[in-house]
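Report on one structure; see the data block that follows.
Bear in mind that the values in this text are calculations on the coordinates, not laboratory data. It should be emphasised that the depicted structure is a prediction, and the values quoted were computed from it without experimental measurement. Every residue, glycine as well, gets a Cβ built from its backbone with ideal geometry; the counts of neighbours run over all protein chains shown.
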Amino acid sequence: MNRTLDISGFGRISFRKGTLDDLETVIDIDESLFPDGQSYDAETFFFYLIDHQTDVIIVELKNEIVGFLVFRPFSNTAGCVVSIDVVEKFQGKGIGSALLEVAESLSRKMSHATMILQTPVNNSHTIHFYEKRGYKKMRRIHGYYQDGTGAWEMEKIILS
Ligand SMILES: CC(C)(COP(=O)(O)OP(=O)(O)OC[C@H]1O[C@@H](n2cnc3c(N)ncnc32)[C@H](O)[C@@H]1OP(=O)(O)O)[C@@H](O)C(=O)NCCC(=O)NCCS
């Protein structure tokens, strides 16, 4: 996970594993990006940050958290991207793609054959983002989010 990447016009971003000290920032970022009923609550993020099976991958730019990804095993053969968040003003610069690559690499190291994720059916920008990076819609889950919004379950084969 110790990896850095140059973001043109902004500088070098770095990745690290999240800790409980990141809880408040992670909650604030998630609430800024998702409507009520689609963002995760504080208890859920608390759990992810202390759970040994979960990796919260934090991206920083000049000591400021600009995004994160929550990754955990889905099964013995699949990983799961639980959430991916990039602060709005830093979107469109490759940070989301880099986060996905870090998660896929972690998943491969666990010998997972596929990566699975769920994304809101009405979030066409994000669906396009995943499709362009090799994810395919597998099934539609009605009422997946607390506010009733459905989700596409998407999957990518990550082992060649
Ligand atoms: C989805 C998300 C994580 C992508 O992160 P990102 O850092 O913007 O990703 P990238 O920069 O690697 O790629 C974004 C794509 O949008 C394009 N883009 C251009 N300008 C953009 C802008 N101002 N904002 C967002 N995307 C832009 C990029 O060129 C790229 O296009 P491509 O897919 O054709 O290559 C981010 O948009 C986000 O946090 N969205 C809100 C939360 C969300 O919906 N998360 C997913 C829930 S499952």
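For segment 46-54, the criterion of a residue being closer than 16 Å to R12 by Cα and loosely packed, with under 14 Cβ neighbours inside 10 Å is satisfied by no position. Testing V81 on (1) assigned to a strand (DSSP E or B); (2) among the aliphatic types (A, V, I, L, M); (3) more than 26 Å from D6 (Cα to Cα), one condition comes back false. Which one is that? In the conditions (1) assigned to a strand (DSSP E or B); (2) among the aliphatic types (A, V, I, L, M); (3) more than 26 Å from D6 (Cα to Cα), V81 misses (3) alone. As a summary of the residue check, G37 satisfies the conditions (1) without any contact (Cβ under 8 Å) to a residue 60 or more places away in the chain; (2) outside any strand (DSSP E or B) except for the one numbered (1). Note on segment 122-138: residues that are exposed (fewer than 13 other Cβ atoms within 10 Å of the Cβ), in contact (Cβ under 8 Å) with a residue 12 or more places away in the chain and near the ligand (Cβ under 10 Å from one of its atoms) total 0.
Within segment 80-138, which residues are among the hydroxyl-bearing types (S, T, Y) and at positive phi? Once the filter is applied, which keeps residues that are among the hydroxyl-bearing types (S, T, Y) and at positive phi, segment 80-138 yields only S111.
Scanning segment 55-86 for residues being buried (at least 18 other Cβ atoms within 10 Å of the Cβ), more than 15 Å from M110 (Cβ to Cβ) and not hydrophobic (A, V, I, L, M, F, W, C) gives a total of 3.
Residues of segment 92-121 that are assigned to a loop (DSSP other than H, G, I, E, B) and away from the ligand (no atom under 12 Å from the Cβ): M110, S111, H112, A113. For the residues N123, N76, the requirement of being over 15 Å from I158 (Cβ atoms) and of a type in the set (S, T, N, Q) singles out N123. Taking the conditions exactly as written (touching a residue at least 40 places away in the same chain (Cβ under 8 Å) and not in a loop (DSSP other than H, G, I, E, B)), does I13 satisfy them or not? Here the answer is yes, as I13 does meet what is asked.
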